[in-house]
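The structure appears below as structure tokens.
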Amino acid sequence: MTAPAPRPGIMDIRPYVGGESAIEGVSRIIKLSSNEGALGPSPKAVEAMRAMAGEIHRYPDGGAEELRQAIAERYGLDASRIVCGAGSDELLGILCRAYAGPGDEVLYSAHGFLMYAIAAKACGATPVTAPEVELTAHVDNLLAAVTPRTKILFLANPNNPTGTYLPASDVARLRAGLPEHVLLVIDAAYTEFVSRNDYTSGIELVEAGNNTVVCRTFSKMYALGGLRLGWAYGPENVAGVLNRVRNPFNVGSAALAAGLAAFNDTAYAELCKAHNDYWLPWIAERITALGLAVVPSVCNFILVRFPTEAGKDAASADKFLRSKGVIVRAMGAYGLGDCLRITIGTGEENTIVVETLAAFLSGGKAA
Ligand SMILES: Cc1ncc(COP(=O)(O)O)c(C=O)c1O
């Protein structure tokens with residue numbers, strides 16, 4: 001019997017593999033593989049979810065009215081141009097489906113977030129990458145890779161898994177150099193962690209035209225990855241497209257309730273930011289002092305490069321860490337097989353990672 005065939009491109013997708021959370025035979029796991037919030041969600045978000053639990057037979061507010069209003073008020077945005085999604089992943093996928101298809105190209109930098117390739121292939125478009133310089137997106141290289149078939153440019157700013165970012169002036173230069181019909185999608189998933197004067201999430205570029213959209217998430221700073229909540233801010237034309245293509249009830253009521261409570265708990269978000277501000281340099285300095293190369297990060301994770309020498313390499317380090325219950329992220333899928341990505345955890349977790357890496361480098365063997 002002939003099986004139904006998916007559209008061309010679908011079977012080329014390498015399915016996304018999320019960070020692991022368990023190791024057989026190890027009871028205490030330290031999970032630093034998915035850039036989740038180190039301190040967990042705001043207690044107010046958890047309470048809000050509990051409080052609405054008896055109402056989950058009701059459909060959610062498909063327009064996410066209250067949350068959009070709160071976001072608009074905080075950032076001075078037009079609420080009618082905010083669109084919520086089931087994680088920013090959903091919004092990235094919808095943008096691809098709506099603006100690209102077979103014969104079109106979707107462009108991003110060499111070590112851009114993995115979902116861009118998946119979203120491009122899923123809609124039949126061709127993913128195209130531009131070389132980075134020092135593991136950072138490069139404006140001229142991206143512009144040089146634009147062809148008449150380019151429909152979307154995804155820029156994660158800052159980027160996962162490298163942790164690097166482009167200053168606002170570079171992003172503006174990128175926008176100015178792109179043909180007007182190319183949609184620039186600025187994926188600002190880690191924006192809340194960034195403390196740099198020359199950085200912006202890119203909202204000003206959204207306001208300046210009709211061809212730039214910014215995506216944000218509640219999965220990182222707000223630590224609600226399990227609920228799936230993100231939002232996009234675009235010009236009227238792009239918001240209108242997102243609202244046509246998304247499912248009518250794409251964000252669940254628990255996500256909306258917890259998201260609003262987390263968003264309004266600014267004291268907790270500040271605590272999480274302060275935690276990251278302290279531990280990001282702490283862990284980077286100590287791992288550098290161990291003799292490993294750490295890519296400068298403005299996010300809640302670091303990318304660490306290992307020697308290629310057998311027994312000292314990233315795969316051996318990964319194995320050793322796992323034998324001690326520490327799960328970080330192997331980077332082979334990103335073409336960075338000599339690196340591991342480590343999420344900033346609690347103070348205790350960060351200390352254990354550094355100690356475990358020190359033990360590995362001084363000749364420790366995986367159990
Ligand atoms: C750069 C980037 N964009 C988007 C996402 C997806 O986030 P969400 O949980 O909102 O789908 C991630 C998650 O790791 C990410 O690193």
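Kindly identify region 1-113 as rounded, prolate or oblate by the Cα gyration tensor criterion: order the square roots of the eigenvalues as a ≥ b ≥ c, call it rounded if a/c is under 1.5, otherwise compare a/b with b/c, prolate if a/b is larger, else oblate.
On the way: a/c = 1.71, a/b = 1.17, b/c = 1.46.
Verdict is oblate for region 1-113.
Placing Ser27, Ser316 in order of accessible area, with the largest value first and a 1.4 Å probe, yields Ser27, Ser316. Using the Cα centre of region 43-265 as origin and beta-carbon charges of +1 (Lys, Arg) and -1 (Asp, Glu), tell me which of Val241, Val213, Gly177 is placed farthest towards the positive end of the dipole. Most positive-ward Cα: Val241.
Exceeding 26 Å between C-alpha atoms, which entries from my cross-link table qualify? They are Lys31/Lys319; Lys273/Lys312; Lys31/Lys273. Violating the 26 Å Cα-Cα cut-off are Lys273/Lys312. About the centre of its Cα atoms, region 53-188 shows a dipole size close to 280 debye [charges on the beta carbon of Lys, Arg (+1) and Asp, Glu (-1) only; nearest 20 debye].
When nucleic acids and ligands are ignored and a 1.4 Å probe is applied, Lys273 ends up with an accessible area of around 40 Å². Think of the chain as a dipole: +1 on every Lys or Arg Cβ, -1 on every Asp or Glu Cβ, centred on the Cα centre; then among Gly93, Tyr268, Ala5, Ala5 lies furthest on the positive end. Taking the charge dipole of the chain about its Cα centre, with +1 at Lys and Arg Cβ atoms and -1 at Asp and Glu Cβ atoms, the residue from Ile29, Ile344, Ile82 reaching farthest to the positive side is Ile29. Stretching the chain fully between Glu348 and Ser362 yields a gain of 2.9 nm (0.36 nm per residue, less the alpha carbon separation). Summarising the strand pairing of the chain, around 50 percent of its internal DSSP beta bridges are antiparallel.
The values are calculated or read from the model by the stated rules, or taken from the named source; none is laboratory data. From a predicted model like this one, the values you see are computed outputs, not experimental measurements. Using ideal geometry, Cβ is built from the backbone for each residue, glycine included, and neighbour counts are taken over all protein chains shown. SASA here: full protein model, heavy atoms, side chains in, ligands and nucleic acids out. Shrake-Rupley method; radii C 1.70, N 1.55, O 1.52, S 1.80 Å.
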